[in-house]
């Protein structure tokens, strides 16, 4: 079984992540414009009185006039935080905020975390009951057993909204999905298998219950806790453990495991031994899901058997049992039909939907999201990837249908195909772009030069790049200064990362000769001038490393103006043959992804340059997985009004028509016409009106101003600018770029080094 390294971070990095810019991971934003007096009047007094009266007459109207229908409360008392135990309500808040972020990221569900300072189940139940009218669903998290059972069962009785304890049921659903496929691959029947469950906590019991609901006879499941096998007649069993007691002579795990078809571990490291694995039936199914360390590692299993199907709770092995595949999408389906609960039928439907998705041929969009890897249904692919974009349309639809069929839905869905399309539109299509690029470059590690190695953000980026196994970073700078910075960041000053500078005489001489050969005739530079340039300018040195084959790619910037970095780079590297150089920015806002050029290079492009930009931009956009639809922007739309400055834009459109390019384009047009669908009726002849994703700006001025305004005033996500048309994979980070921005550019540079043939026109 293949294994990949997981990322490692210092506590300092984690704390900085949670405190940077704004403390925490969530915030509340308005879904309505609040810019005028009329807006305020409608939002509050007197306008708010109308929905108040409507809801007082019909409580169901709250779903129509408030956020209730898309709002989930994430609740904990901190009594069982991850694997750390009872650390209190307040300490659980970072975890609960994280849960809220995942709800939004993967299912577009708004979420608020609420930490309850109490260890009394009745007090917790009453608290949740009292504030439950505000929410469309309740997600319980990190509450210790047996309190979690008591709380969930009672809330399900008294509330008419979904209540879901993810530690129990999320794990159960994903594990059941994995079991369904593992049985299919191993040719075993669900009603004949023998299962041993090691662990008797909340998740273990929920898994066992769902196994039974899916067809496993109770007598075929042996549960084991710290005292041994749970058998009928054993003393001191609580009501929950008693429900899983069976008639058996087995008393220890070592006894129960003999001839078992399935082992499910939700216990502790080392609980399952290699000798026990030897005793299992042919083609055993072993789910070792203890975190962070499984009951037994896949490597240990493979030492004694080669016929096992293995899953763990870890991301560095195939078949990760990850609740993220479940809870966001289960709630999405439940909320969309205003379900009164999440019942067993909905859980089973979710499990089967997940299982069936793994069996389907993986489309290209998923391959892109997984970095070029095309997984195939089999022993090492029984569960879909967490980044499979199909999850959002498949699981909620199955859950919603089960809710309708079982009679717990308040509303029905008339057309599930339309509903699936609506689900797909909820998510930003670019959320997996960088994930896909990163997965790709991990398989083909490149040497990436971080030119400004003494800068703290550049250094942090290089360290994160290395820790994330994205490639091999090389830092340019003075070794003593960089080591001092490394220590300051929280690492040992001898952290294993390559540092290089002009003291390396051999490389310096090579680079000087390279630059001298290029610039002596081009700029009339003397050899001593080139020597000075190479020794004193880190950007020049780093560019030489890429040009001379000592590195594959490079990222610079952050400490100087973009134009200053570019000026030094082009002394070493020429544009690609036959191509134009320009800056391309990727902007994502409210699910809409657009590419904007030119933001950084050509001040006032002529018609031919605009046309060339469009061709190059379309090519790059396709590398990101999008079908380019190019709009040439102006202050006018299709000749109205006509000015001297609009002519070169319309001329660019005519140039493209003559070139017979393989992408859709049109112009000139105003940006709202290019982006908003309401204008389609006015301009029915254009296929890209309201549907553009590549915007060719009329000048660098307008491009840079627009981009910076969006960056400063909106919640848009930004990547770039990407330097298009340069002869080597080099990216420039703008001044004051964040660590994430720099890492993204470094990853794109590494990706470009592999997928682009820079010698080809």
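The values are calculated or read from the model by the stated rules, or taken from the named source; none is laboratory data. Keep in mind that this is a model prediction, so the values were computed, not measured. Note: ideal-geometry Cβ built from the backbone for every residue, glycine included; neighbour counts use all protein chains shown.
Is it the case that some residue within the range 121-128 is surrounded by 24 or more Cβ atoms within 10 Å (Cβ to Cβ) and in contact with a helix residue (DSSP H, G or I) (Cβ under 7 Å, 6 or more places away or on another chain)?
Yes - at least one qualifying residue is present in the range 121-128.
Determine whether the range 638-648 contains at least one residue that is in contact with a strand residue (DSSP E or B) (Cβ under 6 Å, 6 or more places away or on another chain), in contact (Cβ under 8 Å) with a residue 24 or more places away in the chain and surrounded by 20 or more Cβ atoms within 10 Å (Cβ to Cβ).
No.
Which of (1) modelled with pLDDT under 95; (2) under 30 Å from residue 161 (Cα atoms); (3) touching a helix residue (DSSP H, G or I) at 6+ places or on another chain (Cβ under 8 Å) does residue 312 not meet, given it meets every other one?
Here residue 312 meets the rest and fails (2).
Being at pLDDT below 90 and either over 33 Å from the mean Cα position of the chain (by Cα) or in a loop (DSSP other than H, G, I, E, B) (or both) is the filter here, so list the residues in the range 538-563 that pass it.
558, 559, 560, 561
Among the residues of the range 691-717, how many are touching a helix residue (DSSP H, G or I) at 6+ places or on another chain (Cβ under 8 Å), closer than 26 Å to residue 33 by Cα and surrounded by 19 or more Cβ atoms within 10 Å (Cβ to Cβ)?
So the count comes out to 3.
Residues that are part of a helix (DSSP H, G or I), under 24 Å from residue 350 (Cα atoms) and within 26 Å of the chain's Cα centre (by Cα): does the range 118-141 have at least one?
No: the range 118-141 contains no residue that is part of a helix (DSSP H, G or I), under 24 Å from residue 350 (Cα atoms) and within 26 Å of the chain's Cα centre (by Cα).
Take the residues in the range 213-236 that are in a helix (DSSP H, G or I) and in contact with a strand residue (DSSP E or B) (Cβ under 7 Å, 6 or more places away or on another chain); name whichever of them is surrounded by the most Cβ atoms within 10 Å (Cβ to Cβ).
220
Any idea which residue in the range 352-378 is surrounded by the fewest Cβ atoms within 10 Å (Cβ to Cβ), counting only those that are in contact with a helix residue (DSSP H, G or I) (Cβ under 6 Å, 6 or more places away or on another chain) and modelled with pLDDT of 90 or more?
377
Quick check on residue 98: is it in contact (Cβ under 8 Å) with a residue 24 or more places away in the chain, assigned to a helix (DSSP H, G or I) and within 28 Å of the chain's Cα centre (by Cα)?
Judged against the criteria, residue 98 is a match.
Restricting attention to the range 689-722, which residues are more than 17 Å from residue 598 (Cα to Cα) and either at pLDDT below 90 or in a strand (DSSP E or B) (or both)?
Matches in the range 689-722: 690, 691, 712, 713, 714, 715, 716, 717.
Within the range 315-332, count every residue that is in contact with a helix residue (DSSP H, G or I) (Cβ under 6 Å, 6 or more places away or on another chain) and not in a helix (DSSP H, G or I).
So the count comes out to 3.
Take residue 540 and decide whether it is on the phi < 0 side of the Ramachandran plot and surrounded by fewer than 18 Cβ atoms within 10 Å (Cβ to Cβ).
no
With under 13 Å from residue 694 (Cα atoms) and surrounded by fewer than 21 Cβ atoms within 10 Å (Cβ to Cβ) as the only criterion, which of 606, 627 stands out?
627
List the number of the failed condition for residue 525; all other conditions in (1) surrounded by 13 or more Cβ atoms within 10 Å (Cβ to Cβ); (2) over 30 Å from residue 721 (Cβ atoms); (3) free of Cβ contacts under 8 Å to residues at least 12 places away in the same chain hold.
Residue 525 satisfies all of (1) surrounded by 13 or more Cβ atoms within 10 Å (Cβ to Cβ); (2) over 30 Å from residue 721 (Cβ atoms); (3) free of Cβ contacts under 8 Å to residues at least 12 places away in the same chain except (2).
Can you tell me which residue within the range 561-582, out of those that are touching a helix residue (DSSP H, G or I) at 6+ places or on another chain (Cβ under 8 Å) and in contact (Cβ under 8 Å) with a residue 60 or more places away in the chain, is surrounded by the most Cβ atoms within 10 Å (Cβ to Cβ)?
Result: 582.
Taking into account only those residues within the range 26-58 that are loosely packed, with under 12 Cβ neighbours inside 10 Å and under 30 Å from residue 330 (Cβ atoms), which is modelled with the highest pLDDT?
58
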